[in-house]
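See below for the structure under consideration.
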Amino acid sequence: MIDHTQLRKGVRIIIDNEPYEILESMPLKKAQRRVVIQTKIKNLINNNVYDKNFHQGDIFEEAELEKFQAKFLYFHRDRYFFCEVQNPTKRFNFSKQQISQVVDFLKPGQMVNGLIFNGKIINISLPIKIQLKVVQAPPDIKGDTAQGGTKSVILETGKEINVPLFIEQGDLIEINTEKSEYVRRIKKEG
């Protein structure tokens, strides 16, 4: 069991028979000098995010989630289809709304982690860092690069992100999927 003082980022708990993950947690003193934990939690089934306060005496069961390797196959009419890596005949799918936080980084063949709660596949998660190819980038701009200028490029998945000025079309770059940010260039084309 987990009490309100153990609610930290990344901890997974069960509320109303559904798994939630703590995204942010901050102690907040309230009336009668009792500490209230102010949190931002995400429902792992539907990905809705809520602000919620927890009080002294609140106790939760830890959410037991199983992970397995899966592969993204394709999308069709706002449904995203996956299969288990160990058994490709076992396929499952999600709506765009269910996996909205990762759809911008999915490409056919992309490896993901499937999440199982109470014997049911409830969601997927991406590795924190993935590699994607730049398919469209404006030409280099000569000028003051000491300020760390950026430009907007389009990745092979259609996602648009800001990158340093030296990134060109065809470059393979590493992306942080939690922050939707450029990390580094892996390989320069040519």
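Below are the figures for this structure:
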read-out: Leading residue by the ranking (farthest from Q131 (Cα to Cα)) among those in segment 171-181 that are at pLDDT below 90 and not charged (D, E, K, R); value: S180
read-out: Verdict on E61 being assigned to a strand (DSSP E or B), over 24 Å from I128 (Cα atoms) and not aromatic (F, W, Y); value: yes
read-out: Close pairs from segment 171-183: first in contact (Cβ under 8 Å) with a residue 12 or more places away in the chain and of a type in the set (A, V, I, L, M), partner assigned to a loop (DSSP other than H, G, I, E, B) and surrounded by 14 or more Cβ atoms within 10 Å (Cβ to Cβ), Cβ under 7 Å, at least 6 apart; value: I173/I167
read-out: Index of the failed condition, L28 passing every other in (1) aliphatic (A, V, I, L, M); (2) under 18 Å from the mean Cα position of the chain (by Cα); (3) surrounded by fewer than 16 Cβ atoms within 10 Å (Cβ to Cβ); value: (2)
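The values are calculated or read from the model by the stated rules, or taken from the named source; none is laboratory data. Predicted model only: the values in this text are computed from it and were never measured. Note: ideal-geometry Cβ built from the backbone for every residue, glycine included; neighbour counts use all protein chains shown.
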